[in-house]
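Throughout, read-outs are computed from the coordinates displayed, never taken from laboratory work. Keep in mind the model is a prediction, meaning the values are calculated, not measured. Because the Cβ atoms are built from the backbone with ideal geometry, glycine has one as well, and the counts that use them run over all protein chains shown.
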Amino acid sequence: MRPVHFARLLTGWACVVVGLGVLLAADRSPSAMADAANKFLATLSPAERKIATFPFEGAEREHWGFVPSEMFPRNGLILGVMNENSRKAAHDLLKAGLSQKGYLTATSIMQLEEILNRIEAAGGGDAAQGRTLERNPVKYFFSVFGTPAAKGTWGWRVEGHHVSLNFTVINGTMVAATPQFFGSNPAEVREEGPKKGLRVLAEEEDAGRTLLMALNESQRAKAVITATAPNDIVTGNKLKADPQSPVGIATTDLQPAQRDMLMRVLDSYSSAMAPDIAADRMARLRTAGLDKITFAWAGPAERGQKHYYRVQGPTFLIEFDNTQNNGNHIHSVWRDFNGDFGRDLLREHVNGVAH
């Protein structure tokens, strides 16, 4: 057997192994999340459980936002009032829905509240604009919707300033994990101390810029849609995200190496999820058509300047905005046009299509 054929055979077997791994993992997150959610609820007092739980049906499950709670009142049980056992169980629930990278990202964003508090105590940030907001790493709300069960239909949410993670389990086998929001203020820690230089969302920012810088002049002319970045993500916290103008550079106009860079942008977001959720998300993108994805950039290319990018496909939208606080405050989000809060999966389930 010639080496090239042997390499192809190995690649084929690798694909089979990966495929089998995804199939075997298909039920892992729903089962793990149900187990973690029930263990979390079991640690709560009746009064705490009443605060933490909601019906699956109703508007509360789709009540989501990413600004401080003084600006966006939230429901759910706050980490700060939990006892040690409940807090550990809450973190175990968070781990059940996320990869190790995703869990580290979420908890690092929470810890940034301590740094932001010091910045504002010194007169910077929102304090310079006359706003006084509580910055607290345990001011994050945990909510469970419906009854967690390995084969049930239910959901859960973790949310607070710059974190909004929403999970919907349908019939015990499918998970919707959007809207997925991560923010970072500061985007880069510049104050002296052990955290100086920390960039919690560095991968998301750098992956987009790497792709932009790899484009030639004619490609960049297509990709850069405006010289000035918008002040925030365009879709905000709308209940339903709509496709944006189909501008930017299409995947079909990228060279193979550039397409790999685009896939790294997508992976920087999907890899925050538990492996089986991430694999299912990427499989859906491929089914919808990778060639139909576009990449758009706004603002200067240089790091530290106010900039924005978005990646849009037939079924999803990624937005990344780093403009506030003079380009040192990130908002990033993944939205599914029909899949946020499991809407499309629920519709299929009700109509008897999903099993």
How would you rank 186-194, 138-146, highest first, on the average number of other Cβ atoms within 10 Å across their residues? 138-146, 186-194
Taking a crude spin-label model, label points 7 Å out from Cα along the C-beta direction, the residue 302 to residue 192 distance in nm is 2.7 nm
In Å, descending, principal axis extents of the Cα set of segment 103-228: 49, 46, 28
Ordering of 34-43, 153-162, 300-309, 270-279 by packing [mean C-beta count within 10 Å, highest first]: 153-162, 270-279, 34-43, 300-309
I'd like to compare 282-295, 215-228, 88-101: which one has the highest average count of other Cβ atoms within 10 Å, and what's the full order after that? 88-101, 282-295, 215-228
Out of 81, 170, 221, whose Cα points farthest toward the positive end of the dipole of the chain (charges: +1 Lys, Arg; -1 Asp, Glu; placed on Cβ)? 170
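Please state the shape class of the chain: rounded when a/c is under 1.5, otherwise prolate if a/b exceeds b/c and oblate if not, all from the C-alpha gyration tensor.
Judged from the Cα gyration tensor, the chain comes out oblate (a/c at least 1.5, b/c at or above a/b).
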